[in-house]
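Engineer: Structure in structure tokens, see below.
The values are calculated or read from the model by the stated rules, or taken from the named source; none is laboratory data. Since this is a predicted model, take the numbers as computed values, not measurements. Cβ coordinates were reconstructed from backbone atoms using ideal geometry, including for glycine residues, and neighbour counts include every protein chain displayed.
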Amino acid sequence: MIEPVEGVEPQRARCITAPNPSVLTLTGTNTWVLFEPDAERCVVVDPGPADDAHVDAVLAEVERSGCEVALILLTHGHADHSGAVDALHAQTRAPVRALDPAWCRGTVSLQDREQIDVDGLVLQVMATPGHTADSVCLHVPRDGALLTGDTILGEGSSLIAWPDGRVGPYLESLKRLRDLAAAGASLTLLPGHGPLVLWGLPALDTLIAHRAKRLDQISNVLDAGSSTVGEIVAAVYGLPGPALRDVVVAQVQAQLEYLSATGNARAADALHR
């Protein structure tokens, strides 16, 4: 469990990490329990994978908080974040909200720029498509904190897997989040995987620079003669192992789709080869 850092916000968030570590999920999926001090109700963000022991751990943390679950939120619909939705919903009867209405239970979908208030806990919804079309981040203004789902990880960079993952929207989402970070003294990032990030602005600058570098690499290998997705994967990423091969291919396709949309004819041709 990630406890609040002494003397450092966020004080409204507790994290329970699911036991599903992997090369893609890092140490596991982070489920966040948020509540205003002395409140009677709390919010659970990303219930995690379909794992009864993890659901029990989340409910135990809710009990320790002295609250009952008033609302369940999803940052996006991937199974490692949403698999426990129905189990948690069944045990708490709390409504479930997500940007994608298919994940909603007993209520309506989230809306960009919506403000949610649960017993004084204020969350501001930010649609951040890119990792998936239905990705959202949740700003906790009183803590200067941002729950990022898989839009930003605690370590490394997020997977953008075409066709649901799109580089263009992702870059726009990063810019929007950077503007938020730049507007204040600090922004603590509470990711869907990995540790919290105390300084959001430099982390966002690093991510934006990394994406620009990758796009330059893809453009350069296209100019050098690579003409298929497989050739580009080998030139830029080397030889990924079996667990990563498909996702690396999908990420290269996402980058090719972006370059194609910006007028790169070689990228348009390579995307379908």
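Engineer: Picking from L222, L259, which residue would you name as being more than 21 Å from G165 (Cα to Cα), outside the structural domain of G184 (by TED's automatic domain parsing), buried (at least 20 other Cβ atoms within 10 Å of the Cβ) and not β-branched (V, I, T)?
Structural biologist: L222
Engineer: Something else: Would the range 162-180 turn up any residue that is modelled with pLDDT under 95 and crowded, with 21+ Cβ neighbours inside 10 Å?
Structural biologist: no
Engineer: Just give me the residues in the range 84-104 being closer than 14 Å to V44 by Cα and in contact (Cβ under 8 Å) with a residue 24 or more places away in the chain, in sequence order.
Structural biologist: A84, V85, A87, L88, Q91, T92, A94, P95, V96, R97, A98
Engineer: Tally up the residues in the range 46-100 that are among the hydrophobic types (A, V, I, L, M, F, W, C), farther than 22 Å from L153 by Cα and outside any helix (DSSP H, G or I), please.
Structural biologist: 6
Engineer: I would also like to ask the following. T206 fails exactly one of the following numbered conditions: (1) surrounded by fewer than 14 Cβ atoms within 10 Å (Cβ to Cβ); (2) in the same structural domain as S135 (by TED's automatic domain parsing). What is the number of that condition?
Structural biologist: (2) is the only condition that T206 fails.
Engineer: Please work out which residue is nearest to S82 (Cα to Cα), limiting yourself to the range 181-193 and to residues that are crowded, with 19+ Cβ neighbours inside 10 Å and touching a residue at least 40 places away in the same chain (Cβ under 8 Å).
Structural biologist: Out of the qualifying residues, it is G192.
Engineer: I need a count of the residues in the range 141-154 that are surrounded by fewer than 24 Cβ atoms within 10 Å (Cβ to Cβ) and either at pLDDT 95 or above or closer than 9 Å to P191 by Cα (or both).
Structural biologist: 1
Engineer: Follow-up. When you check S157 against the structure, is it in the same structural domain as T128 (by TED's automatic domain parsing), touching a helix residue (DSSP H, G or I) at 6+ places or on another chain (Cβ under 7 Å) and polar (S, T, N, Q), yes or no?
Structural biologist: yes
Engineer: Just give me the residues in the range 45-60 being crowded, with 19+ Cβ neighbours inside 10 Å and either at pLDDT below 95 or acidic (D, E) (or both), in sequence order.
Structural biologist: Of everything in the range 45-60, those that are crowded, with 19+ Cβ neighbours inside 10 Å and either at pLDDT below 95 or acidic (D, E) (or both) turn out to be D46, D51.
Engineer: Can you give me the number of residues within the range 101-126 that are assigned to a strand (DSSP E or B) and touching a helix residue (DSSP H, G or I) at 6+ places or on another chain (Cβ under 8 Å)?
Structural biologist: Of the residues in that region, 2 qualify.
Engineer: Something else: If only one of L222, L244 is closer than 26 Å to L259 by Cβ, touching a helix residue (DSSP H, G or I) at 6+ places or on another chain (Cβ under 8 Å) and in contact (Cβ under 8 Å) with a residue 24 or more places away in the chain, which one is it?
Structural biologist: L222
Engineer: Still on this structure, please answer the following. I'd like to check something: does the range 33-43 contain any residue that is of a type outside the set (D, E), in a helix (DSSP H, G or I), in the same structural domain as T151 (by TED's automatic domain parsing) and crowded, with 16+ Cβ neighbours inside 10 Å? Working first, answer last.
Structural biologist: Residues of the range 33-43 that are of a type outside the set (D, E), as a first pass: 33-35, 37, 39, 41-43.
Filter once more, so that each one left must be in a helix (DSSP H, G or I): none.
Within the range 33-43, not a single residue is of a type outside the set (D, E), in a helix (DSSP H, G or I), in the same structural domain as T151 (by TED's automatic domain parsing) and crowded, with 16+ Cβ neighbours inside 10 Å.
Engineer: Do we find that V229 is more than 16 Å from the chain's Cα centre (by Cα), within 23 Å of S22 (Cα to Cα) and crowded, with 17+ Cβ neighbours inside 10 Å in this structure?
Structural biologist: no
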